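Remarks on the structure that follows.
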Amino acid sequence: MRTFKPILPIILSALLSACATVGVLTGGDRDVQAPLLIKSSPAHAATQVNTTKLVLTFDEYIELVNPTETFRLEPSDAKLSVTLSKKDALIALKGSLKSNTTYSLCIDGGIKDVAEGNDSIYRIAFSTGTYRDWE
């Protein structure tokens with residue numbers, strides 16, 4: 001054990017001197033892309049949909065921008081109520097959807113990312129019947 005005592009301070013000082021380097025953190029490149037819609041429920045182009053809510057999941061944290069004006073359902077058989085939960089936009093449908101009808105949820109700048117404020121236009125279409133009108 002005595003042979004290690006003179007070497008131990010040298011090893012410790014070498015390890016401690018290499019622990020940290022001084023530098024400036026850049027934070028990476030600027031985010032210029034809008035949040036990416038990675039999942040929707042119901043799925044885009046789904047048929048036989050019978051729901052009172054839609055859930056849109058994005059790849060990053062989002063903010064809502066004036067949802068009463070930027071979110072619309074066509075045809076407008078139901079009113080929309082939009083809330084936010086981390087990376088999800090939760091859309092409650094108040095009213096009933098007509099049977100055998102294709103609906104389109106249009107979002108025009110109503111969702112932006114938290115970091116840079118990038119927004120975009122999104123469209124999710126679904127049908128309450130067995131087919132979509134645009135096939």
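The values are calculated or read from the model by the stated rules, or taken from the named source; none is laboratory data. Here the structure is a predicted model, which means the values were calculated and not measured. Counting neighbours? That spans all protein chains shown, and the Cβs are built from the backbone with ideal geometry, glycine included. We work out accessible area using only protein heavy atoms, side chains counted, and drop any ligands, DNA or RNA first. Shrake-Rupley method; radii C 1.70, N 1.55, O 1.52, S 1.80 Å.
When you check I124 against the structure, is it of a type in the set (V, I, T), in contact with a Lys or Arg (Cβ under 9 Å, 6 or more places away or on another chain), within 23 Å of I38 (Cβ to Cβ) and not in a loop (DSSP other than H, G, I, E, B), yes or no?
No; evaluated as a whole, the condition is false for this residue.
For segment 80-135, enumerate the residues that are closer than 20 Å to T51 by Cα and touching a Gly at 6+ places or on another chain (Cβ under 6 Å).
N100, the sole residue that qualifies.
Is it the case that K53 is exposed (fewer than 14 other Cβ atoms within 10 Å of the Cβ) and at pLDDT 95 or above?
When the stated conditions are applied, K53 passes them.
Go through (1) open to solvent by less than 60 Å² (accessible area, probe 1.4 Å); (2) modelled with pLDDT of 95 or more one by one and return the number of the condition G28 breaks.
Among (1) open to solvent by less than 60 Å² (accessible area, probe 1.4 Å); (2) modelled with pLDDT of 95 or more, G28 violates only (2).
Please determine, by comparing only the residues of segment 71-105 that are more than 16 Å from the chain's Cα centre (by Cα) and of a type in the set (D, E), which one is surrounded by the most Cβ atoms within 10 Å (Cβ to Cβ).
My answer is D77.
Could you list, in sequence order, the residues of segment 106-120 that are over 13 Å from the mean Cα position of the chain (by Cα) and assigned to a strand (DSSP E or B)?
Of everything in segment 106-120, those that are over 13 Å from the mean Cα position of the chain (by Cα) and assigned to a strand (DSSP E or B) turn out to be C106, I107, D108, G109.
Residues of segment 23-82 being among the acidic types (D, E), in a loop (DSSP other than H, G, I, E, B) and farther than 20 Å from T101 by Cβ, which ones?
D29, D31, D59, E60
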